[in-house]
Amino acid sequence: MSETLFVQLLDLACGALLLTAVLVLWRRELAVIIRVFALQGVALAALVAVLAAREGSGELWAVAAGVLALRAGMLPYLLRRALASAGETQRETRPVVNVASSLLAAAVLTLLAYAASRPLVELAPSPVTAAIPVGVTVVLIGFFVLVTRRRALSQLVGFLLMDNGITAIGFLTTSGVGLIVELGVSLDVLLAVLVLQILTTRMRETFGDTDLDELRELHD
Amino acid sequence: MAGIVGAVVQPVLIVTGAPVLVGMMRQVRARLEGRAGAGVMQPWRDLRKLFGKERITPRGTSEVFRVAPLVLVATTLVVTVVAPFVTTDSAVDPAADLFAVVALLALGAVALALAGLDTGTAFGGMGASREMTILALVEPTLLVAIFALSVRVGSTNLAAIVSATVHDPGRVISPASLLAAVALIVVIIAETGRLPVDNPSTHLELTMVHEAMILEYAGPDLALVELASAMRLSVFLGLLANLFLPWGVATTAAPLALLVGVVALVVKIGVLGALLAAGEVFLAKLRLFRVPELLAGSFLLALLAVGASFFLA
């Protein structure tokens, strides 16, 4: 693979990662958010695959396939199943911070990510490390989604966005953290999602809703 | 030489073509909705009828109301002369600057909003205030989105950006230009008053933005406003087409190259217009309070595009 093609494909995958993170923040329908999250999984797998093609390492190809299966297949499937059993609550109706302000906050977070990862990029300037700010941005946006959404499901997506960002930073900084480590992290994430899914179901059975706003009780 | 030819060909092409574009878009919508439609030339027939009427202005309006249509047409005409639509050679090269072009387009919109306020009617004021709300969010996004493209060229001259992309087509699929393209599309839809921001074919007071401002215009003045808004639509679509898909634009003064440039421009604007009209069939108008959300999103995308062009490439 030639140098320019590699850089272009890498930048394209990073751009897709960034775009999907912003779309999660932008849209309200939970079904759309889950679909966008699956797309981000594809982008992340593409990022790993580009690095694997560059390094020519079979191990990285295996990790790319694993990332694709877990983050574009398994996790969206679990989320969709949790959503299907949710019944009425298909939309993130009232986030703590309204959508327009949270988009502007995301712009500030992006600048913050660029500023914060500047020293990291300067350690070893190359096209791969230049994309680190994108990973940091995805982590910060994920955290923002986690703290400003009311529905348990979109908070879960926020948590997974953070994890996607951390994985992306890991691959961009070290060109692969090793199959075993990646496997361990992936299993951890899967377990967390399964536990949170059970927790969500229990919450709904007890309170009839996953909205974490206590004031709703007055309406009922 | 090519600059002079372009300065003559571009305004003529856009002035004659813009109403046809609007007619074509209406026809596409009509066909998709199962209606027969009025035909592609209907906007021109309307304009001819309006130009034949006598000039009347409402009692109590000042010069602002009378001058606004002229300002709107004049600023748009200047943009059609200087911006790279058919050829990258501009007759007035310093004015082909990104900031100058956006400022000219904003000047026309502001003149119309002032005219809406000048009538003193409730509708005029409401339309003007809504238009300014949208404009305040649209202008920065427009600037930032095109600025993302100019970073790598090292110049804010639109012709320089377009010719740099012609010489290096690989730029088109970089994240910066993809993000900027999405932001620019949203902004153009908002700025030209199409669905889902404004419904171009309604007179319902709850929904209208553009229509509310021009409610008091009649006769030749109305014709000028209609012509100018059609021209603005062509100008925006032409800018979008040439910034992201600049193929076919003439870089020399050869007659054949210019001819190819004209044909390419007509085809590109036609295709974009048809896509926009077809997309509108499937959309409902957004609540006015949701519009800032949409525009904030496109601003964020434009900002990310600038970030990507600095840090990724």
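Of all the criteria given as (1) within 18 Å of the chain's Cα centre (by Cα); (2) within 9 Å of another protein chain (Cβ to nearest Cβ); (3) not hydrophobic (A, V, I, L, M, F, W, C), the one not satisfied by B:GLU280 is (2). Among residues of the stretch A:66-80 that are within 12 Å of A:ALA49 (Cβ to Cβ), those with a Cβ under 8 angstrom from a residue that is acidic (Asp, Glu), sequence gap 6+ or separate chain, pair up as A:GLY66/A:GLU182; A:VAL67/A:GLU182. Applying the criterion of being surrounded by 14 or more Cβ atoms within 10 Å (Cβ to Cβ) and not polar (S, T, N, Q) to the residues of the stretch B:52-64, the residue that is nearest to B:ALA115 (Cα to Cα) is B:VAL64.
If you filter the stretch A:86-108 down to residues that are more than 10 Å from chain B (Cβ to nearest Cβ) and either surrounded by 14 or more Cβ atoms within 10 Å (Cβ to Cβ) or modelled with pLDDT of 85 or more (or both), you find that the one that is farthest from A:ILE34 (Cα to Cα) is A:VAL97.
For every residue, the table says whether it meets (1) of a type in the set (A, V, I, L, M); (2) within 25 Å of B:ALA183 (Cβ to Cβ); (3) away from chain B (no Cβ under 13 Å); (4) buried (at least 23 other Cβ atoms within 10 Å of the Cβ).
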{"site": "A:GLU3", "(1), (2), (3), (4)": "no, no, no, no"}
{"site": "A:GLN40", "(1), (2), (3), (4)": "no, yes, yes, yes"}
{"site": "A:LEU68", "(1), (2), (3), (4)": "yes, no, yes, no"}
{"site": "A:ARG80", "(1), (2), (3), (4)": "no, no, yes, no"}
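Considering only residues in the stretch B:125-155 that are of a type in the set (S, T, N, Q) and under 19 Å from the mean Cα position of the chain (by Cα), the one that is surrounded by the fewest Cβ atoms within 10 Å (Cβ to Cβ) turns out to be B:THR133.
Within the stretch A:116-127, being within 11 Å of another protein chain (Cβ to nearest Cβ) and in a helix (DSSP H, G or I) holds for A:ARG118, A:VAL121, A:PRO127. Among the residues making up the stretch B:267-313, none is free of Cβ contacts under 8 Å to residues at least 12 places away in the same chain, surrounded by 20 or more Cβ atoms within 10 Å (Cβ to Cβ) and not in a helix (DSSP H, G or I).
In the stretch B:16-45, the qualifying residues are those that are among the β-branched types (Val, Ile, Thr) and at pLDDT 90 or above, and the one that is farthest from B:ALA257 (Cα to Cα) is B:VAL28.
Please tell me if A:LEU9 is within 14 Å of chain B (Cβ to nearest Cβ) and either touching a residue at least 12 places away in the same chain (Cβ under 8 Å) or part of a helix (DSSP H, G or I) (or both). So A:LEU9 fits the description; yes.
Checked against the criterion of being of a type in the set (Phe, Trp, Tyr), touching a residue at least 12 places away in the same chain (Cβ under 8 Å) and not in a helix (DSSP H, G or I), the candidates B:PHE65, B:PHE85, B:PHE99 yield just one match: B:PHE85.
The values are calculated or read from the model by the stated rules, or taken from the named source; none is laboratory data. Predicted model only: the values in this text are computed from it and were never measured. Heads up, the Cβs are rebuilt from the backbone with ideal geometry, glycines too, and the neighbour counts pull from every protein chain shown.
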